[in-house]
Number of protein chains: 2
Amino acid sequence: MVDVADDQASGARGGRRRSESRRRLLAAARRLFVERGYHATRPQDIAREAEVGNGTFYLHFADKRDIFLAFAEEACAEIEAAIIGPLTGPEPWDQRILNTIKAALAFEANERKVIAAALMDISIIDPGDEEPTVRPRDRLAKLTAASLQEGIDKGEIRADLNTELIAHSLLGMVEQAAYHAERSNLSPEEVLATLVGFVTAGLARR
Amino acid sequence: MVDVADDQASGARGGRRRSESRRRLLAAARRLFVERGYHATRPQDIAREAEVGNGTFYLHFADKRDIFLAFAEEACAEIEAAIIGPLTGPEPWDQRILNTIKAALAFEANERKVIAAALMDISIIDPGDEEPTVRPRDRLAKLTAASLQEGIDKGEIRADLNTELIAHSLLGMVEQAAYHAERSNLSPEEVLATLVGFVTAGLARR
DNA sequence: GGGTCGGATTGACATATTGTCAACGCTGGC
DNA sequence: GCCAGCGTTGACAATATGTCAATCCGACCC
């Protein structure tokens with residue numbers, strides 16, 4: 001991202017105008033990426049859809065990959081918002097798992113493409129400069145891992161698994177399951193039952 | 001893919017030359033996509049790397065997305081080749097799971113980017129024309145599901161799960177686990193132990 | 001209100017990429 | 001050797017990308 005600073009930070013001097021443009025661009029990009037895909041979306045299409053001049057695009061983003069990264073970041077923040085409650089709630093661990101998977105599936109039902117973007121391996125589009133910065137997705141995994149660790153500490157979840165590794169695995173799992181469920185028109189109940197059944201059995205202390 | 005027909009099919013008349021060009025292009029594309037990413041790879045870079053004229057690129061592929069799709073397909077076939085043995089072997093189910101995950105991880109260790117491409121949601125790059133054709137990845141899932149079904153039929157695996165859904169989930173899981181393992185330098189032993197421990201517990205008949 | 005200032009926006013344009021096609025090259029058959 | 005015909009080529013037309021000098025806008029001050 002090229003933008004000078006955070007939305008508010010760039011002084012009151014036209015800063016509102018600036019962040020409004022950025023917001024419009026990002027929203028437009030999201031619509032177009034989802035509808036037409038990365039390949040067929042041109043920076044100028046995005047500017048037109050956002051109803052800003054086309055030079056404006058480049059004031060906010062370096063190029064198409066840059067705005068795509070921003071889109072992925074945004075998408076990830078949305079999933080995070082959708083599952084943070086269930087994930088960190090006061091319920092027993094198996095109930096938390098169920099609630100979280102349920103929330104994730106409900107969210108993905110509407111915005112599957114958005115989620116696919118959030119969770120995809122960005123390095124396919126852009127390898128970045130060597131060892132990349134943390135992906136947005138890593139934040140999600142960290143949150144999940146912390147929730148698992150809590151279960152371990154309470155003696156509810158088996159302790160012989162690497163929590164971060166499992167957290168990443170679970171993300172991949174839910175993503176793919178949601179994809180398959182949508183394409184095969186599985187009922188949400190069946191999907192939820194299968195995933196929760198599998199995961200709770202996999203994690204439960206013996 | 002735009003190519004007229006299968007490699008051999010286009011008569012002996014220069015057909016060998018033709019399929020050689022295609023092969024070189026695909027190999028070049030693979031190197032460049034992995035090294036530079038989709039965004040920064042130009043069709044002409046691919047042609048140059050393949051040491052063919054740049055018009056030749058368009059005789060074999062319609063555009064960049066097309067060759068990317070072919071690359072993903074190829075990658076998927078390779079994973080399939082790597083795991084088909086362990087997956088369908090004569091061992092008991094838990095041993096098959098272990099062998100398969102082991103084979104998948106070993107493969108991914110070398111070619112992680114290739115795998116990420118194979119398993120990613122292609123529709124982000126190119127939504128295709130409405131309801132898309134089966135993704136290469138679906139073949140892998142079908143194979144895995146069949147192997148699970150075999151375990152169920154023998155009464156080794158619990159029967160209350162949707163096998164295809166679990167198969168897709170497992171693919172997502174292994175993909176993400178491999179990604180995380182590489183980035184965090186986890187030992188292969190630890191990764192294997194965690195994944196196998198989790199999966200076998202999740203699937204075992206109670 | 002009116003003036004001034006500074007960041008934000010704009011779109012025409014220079015640069016770069018993509019895709020086409022008329023001409024040419026190879027190879028196998030006769 | 002010559003022809004037939006697919007395959008290849010690279011120059012070039014069509015498109016897309018990214019820059020920047022000119023302009024706009026709104027906040028602030030008098």
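Just to confirm the numbers: B:Gln149, label point 7 angstrom along the Cα-Cβ line, distances to the other copies in nm, shortest first?
Computed spacing set for this position: 4.3 nm.
Quick one, could you list the DSSP H helices from chain B stretching 18 Å or more along their long axis (Cα atoms) with average Kyte-Doolittle hydropathy of 0.5 or above?
Helices passing the filter in chain B: B:64-88, B:188-203.
Mind telling me which of B:Lys113, B:Lys154, B:Lys64 comes out most flexible in a GNM of chain B, alpha-carbon contacts under 10 Å?
The residue that fluctuates most here is B:Lys154.
At 222 nm, what value in deg cm²/dmol follows for chain B if DSSP H runs of at least 4 each add -39500 (n - 2.57) and the sum is divided by all its residues, to the nearest 500?
-24000 deg cm²/dmol
When 1/r is averaged over all different Cα pairs and the result inverted, which Kirkwood radius in Å belongs to segment B:73-203? Walk me through the intermediate numbers first.
Details: mean 1/r = 0.0656 Å⁻¹.
One decimal place: 15.2 Å for the Kirkwood radius.
In whole Å, what are the Cα extents of the protein assembly as shown along the three principal axes, biggest one first?
Sorted largest first, the three principal extents are 71, 60, 38 Å.
DSSP loop (so not H, G, I, E, B), at most 13 other Cβ within 10 Å: list which GluC sites (Glu not before Pro) in segment A:26-67 pass both filters.
A:Glu51
I'd like the distance separating the alpha-carbon centroids of segment A:142-206 and segment B:173-206, in whole Å.
For segment A:142-206 versus segment B:173-206, the Cα centre distance is 12 Å.
I need to check one value: relative contact order of segment A:68-206, counting alpha carbon pairs closer than 8 Å and at least 6 residues apart, in percent.
Once normalised by length, the contact order is 30 percent.
FYI, it's all coordinate maths here, none of it is from the lab. Treat the numbers as computed from the prediction; the structure is a model and nothing was measured. Cβ sites come from the backbone with ideal geometry, for glycine too, and all protein chains shown count toward neighbours.
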